[in-house]
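Before any comments, here is the structure.
Each value in this text was obtained by applying a stated rule to the coordinates, not by laboratory testing. Quick caveat, the model's predicted, so the values are computed rather than measured. Reconstructed Cβ throughout: ideal geometry from the backbone, glycine too, with neighbour counts over all protein chains shown.
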Amino acid sequence: MDARGEAAYIAAAEKGEVPLTAAERAELTRLRKLVAEQDKDLAFLGKAAAYFAAHHPKRAVRANGGGVRQLGDITHGKTT
């Protein structure tokens with residue numbers, strides 16, 4: 001199948017005019033499960049990031065020529 005034929009097949013499939021093969025249906029099911037799992041992972045990571053952002057002191061950092069140096073706790077001026 002050339003590129004135009006494949007594009008026409010995809011367009012027809014998107015309109016529901018061409019039934020999916022068993023292999024295509026299996027792949028679609030697998031990909032939908034993968035997307036759902038990744039959505040759950042992203043939601044968890046977003047909540048974890050929000051938790052750690054809310055429960056850890058904010059620190060300022062400055063890049064110097066040799067790397068990154070901590071400047072200290074913004075709110076109390078302490079250095080570690």
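So which aspartates and glutamates can K33 reach, going by Cα to Cα under 16 Å and dropping same-chain residues fewer than 8 places off?
Qualifying aspartates and glutamates at Cα under 16 Å: E24, D41.
What FRET efficiency do you get for D41 and V18 if R0 is 35 Å and r is their Cβ-Cβ distance, rounded to the nearest 0.05?
That pair, D41 with V18, gives E of 0.60.
So which aspartates and glutamates pass the test for K47, namely a Cα distance under 14 Å, with those fewer than 8 places away in the same chain ruled out?
Result set, ordered by chain and number: D39.
How many nm separate the modelled label positions at E27 and A7, each set 7 Å beyond the Cα in the direction of the Cβ?
Once both label points are built, they end up 1.9 nm from each other.
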